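Before any comments, here is the structure.
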Amino acid sequence: MLVLCVSVGIFTANFLHPGILPFGNQASNVVADSIVLLDVNPSIALTVDGDERIVAAQGLNEDGRIILEGMDFTGSDITVAVNAVIGSMLQKGYLSDLQNAILVSVENDDAERSAALQKRVSELIGNALQNGNLEGTVLSQTLSDTTDLEQLAQTYQISLGKAALIQEVIALDTTLTAEKLAPLSITEIALISQSKNLSSGTVTQNGMASNKAYIEQDAAVGIAYAYAKVNAQDVTGMQIEFDSDDGIIVYEIEFWAGTVKYEFDIDARTGQIVKYETENIGAPNPGGNSVQVPSDTQQPSNSQQPSDTQQPSSSQQPSGQYIGEDAAKEAALTHANISADSVGYINAWINYDDGRAEHYEVEFVVGNVEYEYEIDLYSGAVLACDMESHDSHDKPHHGSNSDHTQTGSPTADIGAEAAKNAALSHAGLAASQVTKLEADYDYDDRVAVYEVEFKCNGYEYEYKIDAATGTILEYEIDD
């Protein structure tokens, strides 16, 4: 199945519209009447005169220029140009069973003429795809006043047609952003829109976007259940949608089992778990078969997970001792089914709010996956957990001190003492002049760092030192 989006526009004063670059061929002394924008991932602008003959054909991005390479449509009827462009996209693999969506956008100040040209171009594209034995989907829209789209198009280096589509999708679902959608192909945007059942009054769609490039929904759900150690019969609510995470398409899955809400982002191509979160809200899913996510201000009725503002009740604070950081680490590792000798970094500390201890925070890294846990101070119960996977080029480098075990090929670690010395040297102080000198190993934006703190003459110094190089990344001095 193929999806095609076509945009058509008109120029009045300026021939080159914002977002349309001076590439391709154009005729001189010809009045430009309308612009037809074709978006798949290649973006192409066809400028036509009043007789629908090509004035200019321009590639708006590198892929668009590849499609038009060696072609000169000047003076040709739009039928010739559209058939040639679609044929080139099919031949070069930009249109296929996996990426099958095309957007057609028509810009013209005359609404009646714009609608007629939009219909004609959409039909031409549909016929061209049919002749290529591909079942395609054509998304189409008309554009008039594009002033509010120009900044969006320029910011993300996309066509006005794609900017208009993104703006419409965001208006229908405010959880989506231009930053998320701009890097995606038209097929991927259409899939997200379809999965969310978004219905537009301005964009017409014939056909469905292909999902053949991705694993089945049932497979994604099975991966989530297996990782969460949850049986399907115990799930009381389920919601699954396509979404985007750092430019990749993911299945966004939410479900409830007992009093716990689970959230997963699973790479829709590979099945890899990109993100994992749980929250024990202390009550079963109130929404039955549809997941209802509690608002940020809603408090659990039987809190097993203290929020940032809620203090544990006396019944939640036994008279016994805290379990200790080592036991908190063990509880987190056991829950994640990970052995201690396989982690690249692990740390635990008590989280305080308004001076009161709330829970243990445990962080550890395995390969390119980061884990964060909240552990009950007394029982060791898991209150919340979060797991996020990063691409290999984002993989943190791990040091090797007493609080974290090195796996794989070791990378440089200057050590806590060297980090302290780097901070003191920068401050122009000696160790004998300061008090409360401490260095803690941590991660900042997936980079291993030492956080160094000390006091001197009423001032408090805070440094972040790169654990591999000793470079000072940040520092702050407060009185």
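Points to keep in mind about this one:
- The residue that is surrounded by the fewest Cβ atoms within 10 Å (Cβ to Cβ), among those in segment 89-117 that are of a type in the set (Asp, Glu) and farther than 22 Å from ASN133 by Cβ, is GLU112.
- Taking the numbered list (1) crowded, with 17+ Cβ neighbours inside 10 Å; (2) of a type in the set (Ser, Thr, Tyr); (3) touching a residue at least 40 places away in the same chain (Cβ under 8 Å) in turn, SER193 passes all entries but (3).
- Lone qualifier among MET208, MET238 - being touching a residue at least 40 places away in the same chain (Cβ under 8 Å) and under 25 Å from MET89 (Cβ atoms): MET208
- Count of segment 421-479 residues which are in contact with a strand residue (DSSP E or B) (Cβ under 6 Å, 6 or more places away or on another chain), part of a strand (DSSP E or B) and small (Gly, Ala, Ser): 1
- Taken as a whole, segment 384-393 holds no residue that is under 16 Å from ASP326 (Cβ atoms), at pLDDT 75 or above and in a strand (DSSP E or B).
- Candidates VAL55, VAL121, VAL82, VAL106, filtered to the one that is part of a helix (DSSP H, G or I) and touching a Ser or Thr at 6+ places or on another chain (Cβ under 9 Å): VAL121
- Residues in segment 71-103 that are closer than 14 Å to THR187 by Cβ and not acidic (Asp, Glu): MET89, GLY93, TYR94, LEU95, SER96, LEU98, GLN99, ASN100, ALA101, ILE102, LEU103.
- Taking the criterion of being touching a helix residue (DSSP H, G or I) at 6+ places or on another chain (Cβ under 7 Å) and either surrounded by 23 or more Cβ atoms within 10 Å (Cβ to Cβ) or at pLDDT 95 or above (or both), the residues of segment 60-77 that qualify are ILE67, PHE73.
- Scope segment 421-444; condition under 37 Å from the mean Cα position of the chain (by Cα), closer than 20 Å to ASN347 by Cα and at pLDDT 90 or above; matching residues: GLU438, ALA439
- Test: residue in segment 319-334 that is buried (at least 18 other Cβ atoms within 10 Å of the Cβ), modelled with pLDDT of 85 or more, out of contact with any Lys or Arg (no Cβ under 7 Å at 6 or more places or on another chain) and of a type in the set (Phe, Trp, Tyr): no
- All told, ASP466 meets the bar of being of a type in the set (D, E, K, R), surrounded by 14 or more Cβ atoms within 10 Å (Cβ to Cβ) and modelled with pLDDT under 90.
So that you can scan it fast, the table gives a plain yes or no per residue for (1) surrounded by fewer than 18 Cβ atoms within 10 Å (Cβ to Cβ); (2) modelled with pLDDT under 90:
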| site | (1), (2) |
| --- | --- |
| GLY201 | yes, yes |
| GLN233 | yes, yes |
| GLY237 | no, yes |
| ILE249 | no, no |
| ASP265 | no, no |
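- The residues in segment 58-77 that are more than 18 Å from GLN157 (Cβ to Cβ), in contact with a strand residue (DSSP E or B) (Cβ under 9 Å, 6 or more places away or on another chain) and in a loop (DSSP other than H, G, I, E, B) can be counted, and the count is 7.
- Of everything in segment 214-227 that is surrounded by 17 or more Cβ atoms within 10 Å (Cβ to Cβ) and in contact (Cβ under 8 Å) with a residue 40 or more places away in the chain, the residue that is nearest to MET387 (Cα to Cα) is ALA224.
- Filter pass, GLU188 being surrounded by fewer than 21 Cβ atoms within 10 Å (Cβ to Cβ) and either assigned to a helix (DSSP H, G or I) or free of Cβ contacts under 8 Å to residues at least 60 places away in the same chain (or both): no
- Within segment 169-181, residues that are outside any loop (DSSP other than H, G, I, E, B) reach partners that are β-branched (Val, Ile, Thr) with beta carbons closer than 6 Å, at six or more positions or on different chains, in the pairs ALA178/ILE166; LEU181/ILE166; LEU181/ILE189.
The values are calculated or read from the model by the stated rules, or taken from the named source; none is laboratory data. The model shown is predicted, which means the values in this text are computed figures rather than measured ones. Please note: Cβ atoms are built from the backbone with ideal geometry, for glycine as well, and neighbour counts cover all protein chains shown.
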